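S.K.: Take a look at this one; I'll ask things after.
The values are calculated or read from the model by the stated rules, or taken from the named source; none is laboratory data. Being a predicted model, the structure only gives us computed values, none of them experimental. Cβ: placed from backbone, ideal geometry, glycine included. Neighbour counts: every protein chain shown. Quick note on the areas: whole protein, heavy atoms, side chains included, nothing else; ligands and nucleic acids left out. Shrake-Rupley method; radii C 1.70, N 1.55, O 1.52, S 1.80 Å.
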Amino acid sequence: MSALWSARVPVEAPSRPAEDSRYECVVVGGGITGATTAVLLARAGLRVALLEARHIGAAATGNTTAKLSVLQGTRLSTISRKQSADTVRAYVDANLDGQRWLLAFLREQGVAHQIQTAYTYAQSGSGDKTVEEELRAARRVDLPVRHIAQLDVPFPARSAVALDDQAQFDPMDVLAALIADAAAHGADIYENTRVVTVRRKKGDQILHTAQGDVRAQSVVLATGTPILDRGAFFARLHPQRSYAAAFDVSEPLADGMYLAVDEPSRSLRTTPGESGPLLLTGGAGHTVGRARSERALVDDLIDWTTTHFPTARLRARWSAQDYMPIDELPFVGQLAPGYGDIQVATGFAKWGMTNGVAAALSMSGRILGSAPQWAPVFDPSRPKQLLGLPTAAVINSEVGFELAKGWAGTALKSLMPSKDAPGEGQGVVRRHGARPVGVCTVDGVQHSVSAICPHLYGILEWNDAERSWDCPLHGSRFNYDGALLEGPTTRSLHRPDRSE
Ligand SMILES: Cc1cc2nc3c(=O)[nH]c(=O)nc-3n(C[C@H](O)[C@H](O)[C@H](O)COP(=O)(O)OP(=O)(O)OC[C@H]3O[C@@H](n4cnc5c(N)ncnc54)[C@H](O)[C@@H]3O)c2cc1C
């Protein structure tokens, strides 16, 4: 599946870093967080490189729904349940700063964006109560929200909280402008350059890539979920995959960006098309690798859209994942105690357009000696994250269960051998001797890969929407042929038919 925002960001740079090149800062990851960090540091005169494993926008940012909003579904009431009023205010201040910075950048660079009202809406009576809680949480931090008793829209909706003057855009346009600006200020941008490890040597950090080593005084890991396990972020995050689709629609579409508080979770916005606005819908989130059929979830989203917008004709459908933090606050700052020169940014809970930019302001500020006032609230070593321990316990016991289930299921498969090739677009895990092997058929060709995730040895599940192997433990994903797509691991899958 491919996103509506399929335009590639032009990158004019040598294809690989020069032998043993040395930078003041190396930013790893070409999503909104990494690209903004590179702009801020390059504008401040630092010698900067950005290393991207695939292509700019390859993961969440290129597949987002790109609402730039401080009203974020039920984030404020959800955070308020675990955090103090001051902390919620700091979260809002950070998001307002991120939003302000990006809007000023888009205006300055002439990047298209649309100012819209954001709505958090209910579909049921219990949803109305959730809407009221969000309204109260937003008013406590002085956001100028409005209560709407009944929304007038063609899909099931009741009451809503509304916040005017938010924004939306095409995220690839935004990334293109950020990358061009970083490069214009001297940053070196490298695509197809995956960082595999980072090690300290003689006072520098050495980033090891298949293209060679790169030296840096300081490192920013803006990789969605951190690639280094030293901070054990995988145990503090919950990987959530969800779906989006774009439609041509003949009837007039109301403005606004909508997000439901209750089931079925639905997100709506419009985007300019060649002959009028297109409709974007999204939803059906689930833990990565734990859906019965991802394809059925996309089909369900499409059915819902065509039921409520009868003229809707599908233009594109896609999916992506983001990471939910155990105590509801992003982790931004030092990787772990003693790692002052490696920073991370993760846990944006599907609100990275503001949070990613805020993280960039914080991490670049720390390097330049001017971190924002709210930065300490997101410190990855904050003691208050103990408040998230019950959530972490649940998440990690589910991870343990998935680990055991995967291996037990594989052991049983030896009792039920099957040599039949899976049907087109299907994949199964089988036992080959003692090892679990993933077998799938894509475009008529059968592929076999190790079904063991190289991160922490979870047994992979077949994703029938993306034709990928997904890990139900911490969200690593691999293409049908075993090539690494995303997640905390840095290695592709072993292919039993190839000697390595
Ligand atoms: C379906 C969906 C809809 C969303 N909608 C919204 C929305 O409307 N508004 C909003 O604010 N947020 C939204 N989000 C969340 C938002 O998209 C993300 O929080 C944000 O894009 C994260 O940006 P990032 O730069 O931190 O990470 P990413 O965009 O994931 O970028 C990380 C980059 O790092 C690269 N990388 C990974 N490992 C390595 C390595 N070892 N070496 C080099 N590079 C590496 C990846 O290839 C990737 O390009 C949505 C998320 C999803 C899943």
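S.K.: State which residue pairs qualify: first residue surrounded by fewer than 24 Cβ atoms within 10 Å (Cβ to Cβ) and inside the stretch 66-83, second residue in a loop (DSSP other than H, G, I, E, B) and not aliphatic (A, V, I, L, M) in any location, beta carbons under 6 Å apart, and separation of 6 or more residues or different chains.
M.R.: Thr78/Glu328; Ile79/Glu328; Lys82/Asp327; Lys82/Glu328
S.K.: Residues Ala176, Ala157, Ala162, Ala235: which one is in contact (Cβ under 8 Å) with a residue 40 or more places away in the chain and within 15 Å of the ligand (Cβ to nearest atom)?
M.R.: Values: Ala157 fails: within 15 Å of the ligand (Cβ to nearest atom); Ala162 fails: within 15 Å of the ligand (Cβ to nearest atom); Ala235 fails: within 15 Å of the ligand (Cβ to nearest atom).
Step by step, each of Ala176, Ala157, Ala162, Ala235 is checked, and only Ala176 is in contact (Cβ under 8 Å) with a residue 40 or more places away in the chain and within 15 Å of the ligand (Cβ to nearest atom).
S.K.: Continuing with the same structure: Hey, any hits in the stretch 354-371 for a residue that's of a type in the set (S, T, N, Q) and farther than 26 Å from Arg200 by Cβ?
M.R.: So in the stretch 354-371, the residues of a type in the set (S, T, N, Q) come out as 354-355, 362, 364, 370.
Subset that is farther than 26 Å from Arg200 by Cβ: 354-355.
Yes, the stretch 354-371 contains a residue that is of a type in the set (S, T, N, Q) and farther than 26 Å from Arg200 by Cβ.
S.K.: Which members of the stretch 15-33 meet the condition of being touching a strand residue (DSSP E or B) at 6+ places or on another chain (Cβ under 8 Å) and near the ligand (Cβ under 9 Å from one of its atoms)?
M.R.: Val28, Gly29, Gly30, Thr33
S.K.: Let me ask another. Can you spot a residue in the stretch 273-280 that is under 30 Å from Ala404 (Cα atoms), assigned to a strand (DSSP E or B) and open to solvent by less than 40 Å² (accessible area, probe 1.4 Å)? Let's see the steps before the verdict.
M.R.: Just the residues of the stretch 273-280 that are under 30 Å from Ala404 (Cα atoms), to begin with: none.
No, the conditions are met nowhere in the stretch 273-280.
S.K.: Take the residues in the stretch 34-76 that are assigned to a helix (DSSP H, G or I) and more than 25 Å from Ile115 (Cβ to Cβ); name whichever of them is nearest to the ligand (Cβ to nearest atom).
M.R.: Ranking the qualifying residues of the stretch 34-76, first place goes to Gly34.
S.K.: Give the number of residues within the stretch 281-313 that are away from the ligand (no atom under 16 Å from the Cβ) and more than 14 Å from Ala465 (Cβ to Cβ).
M.R.: So the answer is 9.
S.K.: Within the stretch 351-379, can you find the residues that are farther than 19 Å from Tyr323 by Cβ and open to solvent by 10 Å² or more (accessible area, probe 1.4 Å)?
M.R.: Narrowing the stretch 351-379 to residues farther than 19 Å from Tyr323 by Cβ: 361, 364-376.
Of everything in the stretch 351-379, those that are farther than 19 Å from Tyr323 by Cβ and open to solvent by 10 Å² or more (accessible area, probe 1.4 Å) turn out to be Leu361, Arg366, Ile367, Leu368, Gly369, Ser370, Ala371, Pro372, Gln373, Trp374, Ala375, Pro376.
S.K.: Also, quick follow-up: Which numbered condition in (1) in contact (Cβ under 8 Å) with a residue 40 or more places away in the chain; (2) not assigned by TED's automatic domain parsing to the domain that holds Arg292 is the only one that Gly256 fails?
M.R.: (2)
S.K.: Show me the strands (runs of 3 or more DSSP E) found entirely inside the stretch 289-380 where at least 1 residues are modelled with pLDDT of 95 or more, out of contact with any Pro (no Cβ under 8 Å at 6 or more places or on another chain) and over 30 Å from Ile459 (Cα atoms). Explain how you work it out, then say what you get.
M.R.: On the way: elements: 313-325, 331-334, 342-346.
Qualifying strands (runs of 3 or more DSSP E): 313-325, 342-346.
S.K.: Please verify whether the stretch 4-17 includes one or more residues that are closer than 30 Å to Asp299 by Cβ, open to solvent by 60 Å² or more (accessible area, probe 1.4 Å) and among the basic types (Lys, Arg). I'd like the intermediate steps shown before the answer.
M.R.: The initial filter retains those residues of the stretch 4-17 that are closer than 30 Å to Asp299 by Cβ, namely 4-8.
Restricting the remaining residues to those that are open to solvent by 60 Å² or more (accessible area, probe 1.4 Å) gives 6-8.
Restricting the remaining residues to those that are among the basic types (Lys, Arg) gives 8.
Yes, the stretch 4-17 contains a residue that is closer than 30 Å to Asp299 by Cβ, open to solvent by 60 Å² or more (accessible area, probe 1.4 Å) and among the basic types (Lys, Arg).
S.K.: Check the stretch 20-29 and report whether any residue there is closer than 30 Å to Asp464 by Cβ, part of a strand (DSSP E or B) and open to solvent by 10 Å² or more (accessible area, probe 1.4 Å). Step through it out loud before you land on a result.
M.R.: Just the residues of the stretch 20-29 that are closer than 30 Å to Asp464 by Cβ, to begin with: 29.
Keeping just the survivors that are part of a strand (DSSP E or B) gives none.
Looking for residues that are closer than 30 Å to Asp464 by Cβ, part of a strand (DSSP E or B) and open to solvent by 10 Å² or more (accessible area, probe 1.4 Å), one finds none in the stretch 20-29, hence no.
S.K.: Does Ala320 qualify as being open to solvent by less than 40 Å² (accessible area, probe 1.4 Å), within 20 Å of Gln123 (Cα to Cα) and not hydroxyl-bearing (Ser, Thr, Tyr)?
M.R.: Numbers: open to solvent by less than 40 Å² (accessible area, probe 1.4 Å): yes; within 20 Å of Gln123 (Cα to Cα): no; not hydroxyl-bearing (Ser, Thr, Tyr): yes.
Judged against the criteria, Ala320 is not a match.
S.K.: Another one. For the stretch 210-227, how many residues meet the condition of being crowded, with 20+ Cβ neighbours inside 10 Å and farther than 13 Å from Gly29 by Cα?
M.R.: Matching residues across the stretch 210-227 total 3.
S.K.: Tell me the residue from Leu41, Leu50 that is out of contact with any Leu (no Cβ under 9 Å at 6 or more places or on another chain) and open to solvent by less than 10 Å² (accessible area, probe 1.4 Å), please.
M.R.: Unique residue meeting the criteria: Leu50.
S.K.: Restricted to the stretch 329-350, and to residues that are within 22 Å of the chain's Cα centre (by Cα) and open to solvent by 30 Å² or more (accessible area, probe 1.4 Å), which residue is farthest from the ligand (Cβ to nearest atom)?
M.R.: Pass one, the stretch 329-350, residues within 22 Å of the chain's Cα centre (by Cα): 329-336, 342-350.
With the extra rule that they be open to solvent by 30 Å² or more (accessible area, probe 1.4 Å), the set shrinks to 334, 350.
Numbers: Gln334: 17, Lys350: 4 Å.
Top of the filtered list is Gln334.
S.K.: Any idea which of (1) modelled with pLDDT under 95; (2) within 11 Å of the ligand (Cβ to nearest atom); (3) not β-branched (Val, Ile, Thr) is the one Leu102 doesn't satisfy?
M.R.: All conditions are met except number (1).
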